[in-house]
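Here the structure is laid out as structure tokens; the discussion comes afterwards.
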Amino acid sequence: MLAALTGLGLSTAAGLNAYIPLLVVGLLANFTDQIRLPQEFAWLANGWVLAIVAVLLLAEVVLDKVPVVDSVNDMIQTVVRPASGGVVFSATEAAARLDGSTWMAERPWVSWVLGIGVALAVHVMKTTARPVVNASTAGVGAPVVSTVEDAGSLGISLVAIFLPILVLVIVVVLGLFAWWVSRKVRRRRHDRARAG
């Protein structure tokens, strides 16, 4: 169960920033005993892979701070973030198989689907909220919100690995935030329709 919560948390973090959970998992697997990756996911701890992910993370951090560019980046990330969520969820579930978990071992596709679905849901929430933030702050809020998202991705990744039970709290909070954003967007559309 804790491995599933770890996977859930990491895929949630991937929905905010695709590269942070990949880097966290890879670095911890490479330099600590906190994460043991099975053979099929050993590439995550490879030095070249970590270097490429670090460069992609740097590009993401810069691009996501610029209004309008962040929306283009979000369109590109519609494929990358869910894929990253699938990888980190599957890698941690595969790690659970090393500890004797059988249900997921017999159905490895489930962890991919869950990881992709969770990361995609968080990504959709992010891409829905960002234009509202950009429009309501004349673009000034983009770097602030992006920094909060990056810090959130890192924090969620670390919580998912070291305190996975808290992932449930994080998911509930994000769900409430998604509901609030949805209401804000609907209200804004309704106001535009009335004005037009």
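If r is the Cβ-Cβ distance from Phe31 to Leu168 and R0 is 30 Å, what FRET efficiency results, to the nearest 0.05? Working from the Cβ atoms, E equals 0.60.
Rounded to the nearest 20 debye, the dipole magnitude of segment 2-195 is 1040 debye, with +1 charges on Lys and Arg beta carbons, -1 on Asp and Glu beta carbons, and the Cα centre as origin. If you wrap the tightest convex hull around every Cα atom of segment 128-172 and split its volume per residue, you get 65 Å³. Since only Leu63, Leu174, Ala91 are under comparison, the one whose Cα sits farthest along the positive direction of the charge dipole of segment 2-195, derived from C-beta charges on Lys, Arg, Asp and Glu, is Leu174.
Could you tell me which label, among (i) 122; (ii) 138; (iii) 112, carries the value of volume of the Cα convex hull per residue in Å³ calculated for this structure? Evaluating volume of the Cα convex hull per residue in Å³ on these atoms matches (iii). Given their separation in residues at 0.36 nm each and the Cα-Cα distance between them, Glu40 and Thr147 gain 35.2 nm when the chain is fully extended. Computed from Cα atoms, the angle from the helix 69-98 axis to the main principal axis of the chain rounds to 20 degrees. Placing unit charges on each Cβ (+1 for Lys and Arg, -1 for Asp and Glu) gives the chain a dipole about its Cα centre, and among Leu28, Leu154, Trp48 the Cα reaching farthest toward its positive end belongs to Leu154. Toward the positive end of the charge dipole of the chain, with +1 on the Cβ of Lys and Arg and -1 on the Cβ of Asp and Glu, the farthest Cα among Val113, Met125, Thr12 is that of Met125. For the pair Ala59 and Ala135, label points projected 7 Å from Cα toward Cβ lie 3.0 nm apart.
Quick note: the coordinates plus some simple rules give every number you see, no bench work behind them. Computed from a predicted structure; not experimentally measured. Neighbour counts run over all protein chains shown; Cβ positions are idealised from the backbone, glycine included.
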